[in-house]
Amino acid sequence: MKENKFEHLANFSKMPAWAQAEVLEREGTELARRLHKGWEVRLFSIDNYYVELWEKQELKITTTFRNSAKALAVLEPYLGGIAVQDLVGF
């Protein structure tokens, strides 16, 4: 029986930040990027969960969203950086 990523990452929240960042970069799908007060914030999807990776110099911090978080609320801070023509192929 194939193990899904989330089962494999069941202890994700217990991992140190550097390990979480490695897992996201290796197994997650990067959806968007933005800058916020000197931080580069990257939004990832990993097994149907949203996780942000905040990076500044050598520091990496992850934040996760509750299952009840609406996709639009999670994506809203990134919408200004998405070019509509890129989405529709102009």
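Taken together, the values in this text are just the output of simple stated rules run on the coordinates, not laboratory data. These numbers come from a predicted model, not from an experiment.
Per-residue 3J(HN,Hα) values for the range 46-59, derived from phi via the Karplus relation 6.51 cos²θ - 1.76 cosθ + 1.60 with θ = phi - 60°, read 9, 6, 6, 10, 9, 9, 9, 10, 9, 10, 8, 6, 9, 8 Hz in sequence order (x marks Gly and Pro). In the range 11-70, Cα pairs under 8 Å separated by at least six residues give a relative contact order of 25 percent.
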